[in-house]
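Undergrad: First the structure, which I've put down as structure tokens, then a few questions once you've had a look.
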Amino acid sequence: MGLNDGILNQLAEQVIELPSWAFGNSGTRFKVFATPGTPRTVEEKLADAAKVNELTALAPKVALHIPWDKVDDYAALRTYAEDLGVSLGTINSNTFQDDIYKFGSLTHVDAAVRRKAIDHHYECIEIMNQTGSRDLKIWLADGTNYPGQGDIRGRQDRLADSLAEIYARISPEQRLVLEYKFFEPAFYHTDVPDWGTSYAQVAALGENAVVCLDTGHHAPGTNIEFIVAQLLRLGKLGSFDFNSRFYADDDLIVGAADPFQLFRIIYEVIRGGGLDPDAGVAFMLDQCHNVEDKVPGQIRSVLNVQEMTARALLVDTDALFAAQQAGDVLGANAIFMDAFYTDVRPDLATWRESRGLPADPLKAYAESGYQKTIETERVGGTQAGWGA
Ligand code: LRH
Ligand code: MN
Ligand code: MN
């Protein structure tokens, strides 16, 4: 089994969006370890992201988080990014770090708090107009810690009203993307806990409202590829936040904890037509590199996505469908597993070289001297945002 031209052409079109915050220092509630060379500005985050793209040709887009990536002039930031060979992607709103949002944001009982949260999204849309971004991604920390603390149903109604106000502001080329998460920081109930709630809310808004699936946001044991299949069927899979986890929202390198799960997810993406660039599925990473260097951490991540995409494209779908039709349980499973167990790394290395890229991007990074340069030049790099 080798990577034929048809597969390589599809891989050549793959676009992965890097999160600006992956380049900042992050950690747990116990400790944030400072990594030497961490960016001090948005521009330095963009430079690091551009390095990942230069060595892999996989990551030409960078997602921003507002206000973590607030600047005075977004048009200038856009030009700065484009000069580095990357473009600005998804704009992520943030209503989870201000005191005023202690009891919620878009769901809050107080209209004045909801107004402030809606206005923040208007500001994000204004930024999107200047950066040329398509997607406004909303993740809410809204929820409660104790039974009885809030009126779950009323909060859902207020959420619908708030989202409708935000949706009314986006242009026909833009999308509202609603991310769900089953718990944390709220521990009893979360206002957008699952894909069904996200789907119900975005379906009520209209065509340009879609769901974001963060792979770390489900209860252990959840069949995530099933959700992928269903959302694609419904035309509502807007984006991924890729990462991996052993326990909760660990935000580890995608494909690190469970490469087979990543394979199964990407297989369903392909099955549902989601790999086609016109399908509008954004392949974003949402990760934190707590103990490893960040630029090579991102290189490892995009390579993991590429490798699993290549393996998933290797599934002999004709043979698989025939086996499924025939009720050949073990035969179908074997066809699926054959693709998963194929080591595509040598073929990908050769292909990279044929495109003028390093065969081994991580080795090329280590030899480039970039890490040393940023460690020397950047003193006092900042945290990704939370806890800052
Ligand atoms: C929430 C989340 C969401 C935020 C990001 C920093 O856990 O996944 O996407 O924007 O982390
Ligand atoms: Mn996320
Ligand atoms: Mn998360």
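Nothing in this text is a laboratory measurement; each read-out follows from the coordinates by a stated rule. Worth saying up front: this structure is predicted, and the values here are computed from it rather than measured. Positions of Cβ are generated from backbone atoms using ideal geometry, with glycine treated the same way; all protein chains shown enter the neighbour counts.
Undergrad: Spin-label point model (7 Å from Cα, Cβ direction): what's the residue 103 to residue 161 distance in nm?
TA: 1.6 nm
Undergrad: With +1 assigned to the C-beta of every Lys and Arg and -1 to the C-beta of every Asp and Glu, and no other charges, what is the dipole magnitude of the range 13-312 about the Cα centre in debye, to the nearest 20?
TA: Numbers: 28 positive and 43 negative charges, 92 e Å.
Approximately 440 debye in magnitude.
Undergrad: Still on this model: Calculate the spin-label point distance for residue 207 paired with residue 328, positioning each point 7 Å from the Cα along the beta-carbon direction, and give it in nanometres.
TA: Distance between the two pseudo-spin positions: 4.2 nm.
Undergrad: If you don't mind, there's one more thing I want to ask. Take peptides 232-244, 6-18, 256-268 and line them up by average Cβ neighbours within 10 Å, highest first, as a rough protection proxy.
TA: Highest to lowest by the protection proxy: 232-244, 256-268, 6-18.
Undergrad: Here's another thing I want to ask about it. Using the alpha-carbon centroid of each, what span in Å lies between the range 321-388 and the range 83-134?
TA: Measuring centre to centre over Cα atoms gives 32 Å.
Undergrad: Using DSSP H assignments, which helices in the chain have an axial alpha-carbon span of 27 Å or above and a mean Kyte-Doolittle hydropathy of -1.0 or higher?
TA: Values: long enough: 111-131 (30 Å, -0.54); 294-313 (28 Å, -0.01).
Passing helices, by number: 111-131, 294-313.
Undergrad: Roughly speaking, what is the stretch gain from residue 130 to residue 291, that is 0.36 nm per residue apart minus the C-alpha to C-alpha distance, in nm to one decimal?
TA: Details: separation 161, 0.36 × 161 = 57.96 nm, distance 3.45 nm.
Computed gain between residue 130 and residue 291 is 54.5 nm.
Undergrad: What shape does the range 30-75 take by its C-alpha gyration tensor, where a ≥ b ≥ c are the square roots of the eigenvalues and a/c under 1.5 counts as rounded, a/b above b/c as prolate, and the rest as oblate?
TA: Values: a/c = 2.01, a/b = 1.11, b/c = 1.81.
In terms of gyration-tensor shape, oblate.
Undergrad: Need the C-alpha centroid separation for the range 244-277 versus the range 35-80, integer Å.
TA: 24 Å
Undergrad: Continuing with the same structure: With each label point set 7 Å from Cα along the Cα-Cβ vector, what nm distance links residue 13 and residue 219?
TA: Reported label-point gap for residue 13 and residue 219 is 3.8 nm.
Undergrad: Also, I was wondering about something else. For residue 236, go through the aspartates and glutamates and keep the ones whose alpha-carbon is under 18 Å away, minus same-chain ones fewer than eight residues off.
TA: 135, 173, 179, 194, 207, 214, 225, 268, 276, 278
Undergrad: Once you order the gyration tensor axes a ≥ b ≥ c over the Cα atoms, which shape class does the chain get: rounded for a/c under 1.5, otherwise prolate or oblate by comparing a/b with b/c?
TA: oblate
Undergrad: Is the shape of the range 97-155 rounded, prolate or oblate, going by the alpha carbon gyration tensor and its root eigenvalues a ≥ b ≥ c, with a/c under 1.5 for rounded and a/b larger than b/c for prolate?
TA: Numbers: a/c = 2.85, a/b = 2.32, b/c = 1.23.
Taking the square roots of the gyration eigenvalues as a ≥ b ≥ c, the range 97-155 is prolate.
Undergrad: Still on this model: With n ≥ 4 as the cut-off for DSSP H runs, can you work out [θ] at 222 nm for the chain, using -39500 (n - 2.57) per run divided by the number of residues, rounded to the nearest 500? Please list the in-between numbers first.
TA: Working: 14 runs with 171 residues, N = 388.
So the calculated ellipticity at 222 nm is -13500 deg cm²/dmol.
Undergrad: Could I ask something else about it? For residue 342 and residue 200, calculate 0.36 nm times their separation in residues minus their Cα-Cα distance, and state this gained length in nm to one decimal. Don't skip to the answer; put the middle values down first.
TA: Numbers: separation 142, 0.36 × 142 = 51.12 nm, distance 3.89 nm.
Stretched fully, the residue 342-residue 200 segment lengthens by 47.2 nm.
Undergrad: Determine, from the Cβ-Cβ distance of residue 34 and residue 321 and an R0 of 51 Å, the FRET efficiency 1/(1 + (r/R0)^6), rounded to the nearest 0.05.
TA: Values: r = 52 Å, r/R0 = 1.02.
Efficiency for this residue pair is about 0.45.
Undergrad: Moving to a separate point now. Which lysines, on any chain, are close to residue 294 with Cα under 20 Å apart, when same-chain ones fewer than 8 places away are left out?
TA: Candidates past the 8-residue exclusion: 31, 45, 51, 61, 363, 372.
Undergrad: Counting Lys and Arg as +1 and Asp and Glu as -1, what is the net charge of the other residues whose Cβ lies under 14 Å from the Cβ of residue 336? Write out the running numbers ahead of the final one.
TA: On the way: positive: 264, 271, 311; negative: 225, 268, 316, 318, 328, 338.
Counting the neighbours of residue 336, the net charge comes to -3.
Undergrad: Additional query: Of 376, 26, 177, whose Cα points farthest to the positive end of the dipole of the chain (charges on the beta-carbon: +1 Lys, Arg; -1 Asp, Glu; origin at the Cα centre)?
TA: Checked the options; the winner is 26.
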